[in-house]
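*Asks:* Dumping the structure here so I can ask a few things about it.
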Amino acid sequence: MSSETANMVTIYKDLKEIEQYMKNRVGLGKSFDLGIRKIKVLHHEVNFYYVNGLCDSALIVQLIEHLLFLNDTDRELQGKNIFEVVENQFVHQSVQPISKMDELVDQVLSGLMVAVVNGYDTGLAIDVRSYPGRMPQEPDTEKVVRGARDGFVENIIVNTAITRRRIRDERLRFEIMKVGERSKTDIAIGYLEDVADPDLVDIIKKELKAIEADGITMADKTIEEFLLKQSYNPYPLVRYTERADVAATHIMEGHVIIYVDTSPSVIITPATFFHHLQHAEEYRQAPVVGTFIRWMRFFGVFASLFFLPLWFLVTMEPSLLPENLAFIGPNERTNIPIVVQLFIADLGLEFLRIAAIHTPTPLSTAMGLVAAVMIGQIAIDVGLFVPEVILYVSVAAIGNFATPSYELGIANKLVRLLMLILVAIFHTPGFIIGSTLYILYLVNLRTLNVPYLWPLIPFYPKALTHIILRRTVPGSKVRPTHLHPQDRYKQPSE
């Protein structure tokens, strides 16, 4: 039977036909985790289908026990519509009738329990899901000194719940759909109905529904690639966050958030370049302190991009430096070209980063000491590196680590390496050309029809002040204009 034909099949009235369908299509009897429970209620056969490991076994036992109790106590129900009796006796807040066999299969494989009654062409899907997972905890990549310690987990139900806990507005919407021909992954989009741009919501829903793939087991990253057709652009066009307070803040501004089941991070759309430079810590401190932290972060990002190419440029053209800064260049002669040393050191740090990810936590500290003390110092002693190379590569690396967005940090590193190549070939013109091409490239990027460098290009002075300065919350009354919010004001306007 083709999938299109299966989608049209209504639930069989004969329970034996349903069981045979489940054996042929789903592997009932072959897959050990696919279960069936057969009982009789008021002399009528009732079957339950479920997947072990995705359901709350105690709740299933409670529901079935409640039905079996009817056989002894409710004789006055004899002769009544047994389907209605069963439906009314399910003491659960989420019981949904279904009419198609493909709905039955999808619900069972999603972790729900489906009850079917002999002689009726309708089933009942009961939400008894209990997905294996962890409790909400603070994300490792977005820690704050002060602030909430709960973060998103791999369960989409928990993620939407901790978001709704922060936005108790009746206009908050979570629209859910399934994506993936085989994975049938749950995806929800969250937004404020009276704030978010309806066109933006429609575009995102249309793009998500148009995804045709076997599965999206890599979760939100796969969704991003389908949604934005990113190709080989290294710069992130959406922002990821594992913090519920960050996601709630962006929903209030008019963004649309995409939740993907099995992913502990959510997608914030649309996101400009400057969204990747902000961090929750700035809003947990006084505005002046938050502004200082933001400026330091800006400096770190600038250093990660231009610090090494600039230093390499002045080593090749010392005349660019005034006499009192002549010490900046390398003070030792070496047989290995400086650009080769920079590449070896920079890529070596990347090796260390990758190794740290794959190294067990108890060993990561020892690995860092080996790399810093033994490899770095010995490389200088044997003449592989001049000391200045280690210094300036380390400064650039720290700038990378100061970048809040992991994706933006990696993209900036690629640009830095390309700039080093251009400077090595063309010297000063190479630095100027590389910087110009870099800016033009970012100017031409758009994310969901929003300019990537907004509000710098196109220039919006008032919005740009919110980027440069961490404004007070009472002073931030207007939502960002690039989102085209329906309700422009976050607070009553004077």
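*Asks:* Once label points are set 7 Å from the Cα along Cα→Cβ at both Val443 and Gln137, what is their separation, rounded to one decimal in nm?
*Replies:* With each label placed 7 Å out from Cα toward Cβ, I get 4.7 nm.
*Asks:* Placing +1 at every Lys and Arg Cβ and -1 at every Asp and Glu Cβ, with all other atoms neutral, what dipole size does the chain have around its Cα centre, in debye to the nearest 20?
*Replies:* For the chain, the charge dipole is close to 820 debye.
*Asks:* Test of understanding: what is the full-extension gain from Leu414 to Ile344, defined as 0.36 nm times their sequence separation minus their Cα-Cα distance?
*Replies:* 23.8 nm
*Asks:* Moving on to the next point. Report the accessible area of Lys13, computed with a 1.4 Å probe over the heavy atoms of all protein chains in place, in Å² rounded to the nearest 10.
*Replies:* 110
*Asks:* Out of Thr122, Val340, Thr160, whose Cα points farthest toward the positive end of the dipole of the chain (charges: +1 Lys, Arg; -1 Asp, Glu; placed on Cβ)?
*Replies:* Value: Val340.
*Asks:* Let me ask you something else. For a 23 Å ceiling on Cα separation, which of these pairs sit above it: Lys143/Lys462; Lys206/Lys413; Lys206/Lys229; Lys100/Lys229; Lys23/Lys206?
*Replies:* Lys143/Lys462; Lys206/Lys413; Lys100/Lys229; Lys23/Lys206
*Asks:* Continuing with this model, one more query. Using alpha carbons only, how many degrees (0 to 90, rounded to 10) separate the axis of helix 287-316 from the longest principal axis of the chain?
*Replies:* 50
*Asks:* Using helices alone, I'd like the mean residue ellipticity at 222 nm for the chain: each DSSP H run of four-plus residues gives -39500 (n - 2.57), total over residue count, nearest 500.
*Replies:* -13500 deg cm²/dmol
*Asks:* Related question: Accessible area per residue of the stretch 229-352 at 1.4 Å probe, in Å²?
*Replies:* About 44 Å² of surface per residue is accessible.
*Asks:* Would you mind calculating the gained length between Phe327 and Ile357 on full extension (0.36 nm times residue separation, minus the Cα-Cα distance), in nm to one decimal?
*Replies:* Separation in residues times 0.36 nm, less the Cα-Cα distance, equals 7.1 nm.
*Asks:* Here's something else I'd like to know. So if I take the centroid of the Cα atoms in the stretch 156-204 and the same for the stretch 467-494, what is the distance between those two points in Å?
*Replies:* Centre-to-centre (Cα) distance: 23 Å.
*Asks:* Take the Cβ-Cβ distance between Thr465 and Ile421 as r, set R0 to 45 Å, and report the resulting FRET efficiency rounded to the nearest 0.05.
*Replies:* Approximately 0.80, to the nearest 0.05.
*Asks:* Could I ask something else about it? So how far apart, in nm, are the two label points at Asp202 and Gln377 if each is 7 Å from Cα heading toward Cβ?
*Replies:* 6.7
*Asks:* Follow-up question, since we're still on this one. If r is the Cβ-Cβ distance from Lys40 to Asp121 and R0 is 22 Å, what FRET efficiency results, to the nearest 0.05?
*Replies:* Plugging the Cβ-Cβ distance into 1/(1 + (r/R0)^6) gives 0.65.
*Asks:* When the chain is fully extended, how far beyond the present Cα-Cα distance does Met8 get from Lys178, taking 0.36 nm per residue of separation?
*Replies:* Gain on stretching Met8 to Lys178: 59.4 nm.
*Asks:* A further question on this structure: In nanometres, what is the gap between the two model label sites at Val473 and Phe401, each 7 Å from Cα along Cα-to-Cβ?
*Replies:* A separation of 3.2 nm, rounded to one decimal place.
*Asks:* Now for a different question. Using the crude model of +1 on Lys and Arg Cβ and -1 on Asp and Glu Cβ, and no other charge, please compute the dipole size for the stretch 108-151 relative to its Cα centre, in debye to 20.
*Replies:* Value, rounded to 20: 200 debye.
*Asks:* So which chymotrypsin sites (Phe, Trp or Tyr not before Pro) in the stretch 212-252 end up in coil per DSSP with only 12 or fewer other C-beta atoms within 10 Å?
*Replies:* Hits after loop and neighbour filter: Tyr232.
*Asks:* Once Lys and Arg get +1 and Asp and Glu get -1 on their Cβ, which of Leu448, Phe307, His279 lies farthest toward the positive end of the dipole of the chain?
*Replies:* Looking along the dipole axis, the top candidate is Phe307.
The values are calculated or read from the model by the stated rules, or taken from the named source; none is laboratory data. Note that this is a predicted model, so its numbers are computed, not measured. Please note: Cβ atoms are built from the backbone with ideal geometry, for glycine as well, and neighbour counts cover all protein chains shown. Surface areas here come from the heavy atoms of the whole protein model, side chains and all, with no ligands, DNA or RNA. Shrake-Rupley method; radii C 1.70, N 1.55, O 1.52, S 1.80 Å.
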